[in-house]
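The values are calculated or read from the model by the stated rules, or taken from the named source; none is laboratory data. These numbers were taken from a predicted model, which means no experiment stands behind them. Cβ sites come from the backbone with ideal geometry, for glycine too, and all protein chains shown count toward neighbours. The area values use the complete protein model at the heavy-atom level, side chains included, leaving out ligands, DNA and RNA. Shrake-Rupley method; radii C 1.70, N 1.55, O 1.52, S 1.80 Å.
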Amino acid sequence: ELGPYSHFMQKEIHEQPKAIADTLEALVDAGFQMHLFGHKAGEILPHVRGVKILACGTSYYAGLTARYWIEAMSGLPCDVEIASEYRYRAACADPEHLVVTISQSGETLDTMEALKYARELGHRWALSICNVRESAIPRASDLVFFTRAGAEIGVASTKAFTTQLVALFALSVLLGKQRGRIGAADEARLIDELRHLPGSIQHALNLEPQIKAWSERFAAKNDALFLGRGLHYPIALEGALKLKEISYIHAEAYPAGELKHGPLALVDEKMPVVVIAPNDSLLEKVKSNMQEVAARGGELFVFADLDSHFEESDGVHVIRTPRHVGVLSPIVHAIPVQLLAYHVALARGTDVDKPRNLAKSVTVE
Ligand code: M6R
């Protein structure tokens with residue numbers, strides 16, 4: 001079942017070009033059509049006045065990424081909430097804000113209960129993005145998009161995450177089209193970019209030997225800090241979660257602009273700092289944040305792309321993906337952080353597929 005791979009997590013990381021191509025199949029053939037989200041989408045989506053995303057763990061980070069796309073492409077307000085917090089908060093509901101739950105398993109209790117609570121508060125419509133067809137959350141939703149990642153066995157979410165991002169990207173484009181912000185030419189360009197996505201993911205996977213070489217440096221560490229900004233801040237969060245989940249190294253993620261407001265105090269020569277720094281509109285800001293780290297003796301491990309210009313030096317190590325892929329860049333940059341966590345865990349000899357204390361599907365509170 002594992003083929004040439006040592007663990008399900010490694011296999012699932014490498015399945016991502018196919019999982020994404022499969023998830024994209026309907027999209028790329030027909031363009032961004034409403035029926036992709038279910039037969040009631042045509043009745044519901046035109047009336048949506050905002051989006052509320054509810055999810056847990058890695059699925060929550062997919063939601064955080066989507067907020068940037070949804071607000072930029074559709075102009076609709078979007079908030080993203082940790083399901084286990086939302087369900088116990090006296091929240092304010094706007095009935096015309098679409099509830100979007102994201103869940104690989106479709107069975108996460110907190111997400112399911114948050115969905116029920118949102119309905120009780122008056123939200124009219126619910127859309128589920130899910131990877132498992134016969135599951136509870138899609139059954140309780142009006143609209144559904146099934147990702148086609150295939151079975152995910154490793155406890156750490158990998159291919160489920162990147163296919164969720166593809167689905168959320170499609171939703172963002174659709175909402176943008178609906179609101180007249182994305183025209184035919186933009187749509188054609190976005191479809192073209194999506195067509196190239198599995199190839200770009202493969203290029204990122206090809207960086208594995210370089211990432212493995214870094215992993216030995218992390219194996220002896222007790223802590224790590226992950227930084228990103230804008231669209232790449234959720235990828236920093238995901239990188240930190242992957243690392244703590246499977247290697248048991250304490251890791252934290254911050255939006256790089258927050259460094260001076262506290263976490264910079266942690267930085268010294270013992271602290272590895274992973275930075276997600278592709279050539280987006282915030283790169284210059286990220287570079288000055290990196291200088292703040294370097295000035296305190298912190299060692300920087302930077303995931304960048306060919307277009308992000310900065311110098312490698314003693315304390316600054318850089319691995320580059322071959323090209324910048326615009327707004328799809330967070331999907332590509334999910335790969336190196338997954339590979340880093342995987343190889344650090346291998347070096348530390350932990351149980352990669354079944355990390356201690358964790359279950360694949362969290363059906364209890
Ligand atoms: O099945 P779900 O997407 O609802 O699961 C949510 C989280 O439990 C899950 O993403 C968890 O954080 C993963 N183990 C992360 O790798």
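Of all accessible surface on segment 99-157 at a 1.4 Å probe, what whole percent is carbon and sulfur?
Details: 1040 of 2080 Å².
The computed percentage sits at 50.
Per 0.36 nm of contour for each residue apart, how much would the distance between ALA185 and ALA93 grow if the chain were fully extended, relative to their Cα-Cα spacing? Could you put the intermediate results ahead of the total?
Values: separation 92, 0.36 × 92 = 33.12 nm, distance 3.56 nm.
Length gained between ALA185 and ALA93: 29.6 nm.
Chymotrypsin sites (Phe, Trp or Tyr not before Pro), restricted to segment 77-146: which are DSSP loop and have at most 15 other Cβ atoms within 10 Å? Intermediate results must be reported in sequence, preceding the final value.
Details: sites: TYR86, TYR88, TYR117, TRP125, PHE145, PHE146; in loops: TYR88, TRP125.
Sites meeting the loop and neighbour criteria: TYR88.
With no solvent and one equal point scatterer per Cα, compute the Debye intensity ratio I(q)/I(0) for the chain at 0.07 Å⁻¹ and report its log10, rounded to two decimals.
For the chain at q = 0.07 Å⁻¹, log10 I(q)/I(0) is -0.28.
For an R0 of 51 angstrom, estimate the FRET efficiency from the Cβ-Cβ distance between LYS287 and ARG356 and round to the nearest 0.05. Could you put the intermediate results ahead of the total?
Numbers: r = 38 Å, r/R0 = 0.74.
Given R0 = 51 Å and the Cβ-Cβ separation, E is 0.85.
Which order do you get for GLU216, GLU238 if you rank them by accessible area with a 1.4 Å probe, largest at the top? Provide the component values of the computation, followed by the final result.
Values: GLU216 120, GLU238 0 Å².
Highest to lowest solvent-accessible surface, that is GLU216, GLU238.
Take the Cβ-Cβ distance between ARG49 and GLU252 as r, set R0 to 45 Å, and report the resulting FRET efficiency rounded to the nearest 0.05. Write out the running numbers ahead of the final one.
Details: r = 35 Å, r/R0 = 0.79.
With a Förster radius of 45 Å, E is 0.80.
For segment 135-170, list residues with backbone N below 17 Å from a point placed 7 Å from the Cα of HIS39 toward its Cβ?
So the set is 139-146.
Given a cut-off of under 8 Å on Cα pairs at least six residues apart, what relative contact order in percent is computed for segment 219-365?
Details: 256 pairs, mean separation 39.2, N = 147.
Relative contact order here is 27 percent.
Report CYS92's accessible area, 1.4 Å probe, all protein chains in place, as a number in Å² to the nearest 10.
So the heavy atoms of CYS92 present about 120 Å² to solvent.
Among DSSP beta bridges whose residues both lie in segment 244-343, state the antiparallel percentage, nearest 5.
10 percent
Defining a contact as two alpha carbons under 8 Å apart and six or more residues distant in sequence, what relative contact order in percent does the chain show? Walk me through the numbers before you get to the answer.
Details: 720 pairs, mean separation 70.6, N = 365.
Relative contact order, the chain: 19 percent.
Once each part is reduced to its C-alpha centroid, what is the distance from segment 267-339 to segment 198-216 in angstrom?
About 15 Å separates the Cα centre of segment 267-339 from the one of segment 198-216.
For segment 1-82, which chymotrypsin sites (Phe, Trp or Tyr not before Pro) are both in a DSSP coil and crowded by at most 16 other Cβ atoms within 10 Å? Numbers along the way, then the final one.
Working: sites: TYR5, PHE8, PHE32, PHE37, TYR60, TYR61, TYR68, TRP69; in loops: TYR5, PHE32.
Within segment 1-82, the qualifying chymotrypsin sites (Phe, Trp or Tyr not before Pro) (loop, at most 16 other Cβ atoms within 10 Å) are TYR5.
Compute the relative contact order of segment 286-365 as a whole-number percentage, counting only Cα pairs closer than 8 Å that sit 6 or more residues apart in sequence.
Numbers: 50 pairs, mean separation 15.5, N = 80.
The normalised contact order for segment 286-365 reaches 19 percent.
State in Å² the accessible area per residue of the chain; use a 1.4 Å probe, count heavy atoms of protein chains only, and round to the nearest integer.
Details: 14560 Å² over 365 residues.
With the other protein chains kept in place, the chain gives 40 Å² per residue.
For segment 153-221, which trypsin sites (Lys or Arg not before Pro) pass both filters: DSSP loop (anything but H, G, I, E, B) and at most 16 other C-beta atoms within 10 Å? Mind showing how you got there, number by number?
Details: sites: LYS159, LYS177, ARG179, ARG181, ARG189, ARG195, LYS212, ARG217, LYS221; in loops: ARG179, ARG181, LYS221.
Passing sites in segment 153-221 are ARG179, ARG181.
Leaving out ligands, DNA and RNA but keeping every protein chain, what accessible area does MET290 have, in Å² rounded to the nearest 10, with a 1.4 Å probe?
Counting only protein heavy atoms, MET290 exposes about 20 Å² to solvent.
Convex hull volume of the Cα atoms in segment 1-141, per residue, in Å³?
Values: hull volume 18.1 nm³, N = 141.
For segment 1-141, the hull spanned by Cα atoms encloses 129 Å³ per residue.
State which helices in the chain qualify, where a helix is a whole DSSP H run, it must extend 20 Å or more along its own axis by its Cα atoms, and its mean Kyte-Doolittle hydropathy must be at least 1.0.
Values: long enough: 16-30 (22 Å, 0.22); 57-74 (25 Å, -0.06); 159-178 (29 Å, 1.05); 184-205 (32 Å, -0.20); 233-247 (21 Å, 0.34); 329-348 (30 Å, 1.03).
What comes out of the filter, once short or polar helices are dropped, is 159-178, 329-348.
Using 0.36 nm times the number of residues separating ARG348 and ASN206, minus their current alpha carbon distance, what extension gain do you get? The partial results should precede the final answer.
On the way: separation 142, 0.36 × 142 = 51.12 nm, distance 2.26 nm.
Full-extension gain reported as 48.9 nm.
Pop the C-beta distance of GLU1 and ALA140 into the FRET formula with R0 = 30 Å and round what comes out to the nearest 0.05.
Numbers: r = 32 Å, r/R0 = 1.07.
Once the sixth-power term is evaluated, E becomes 0.40.
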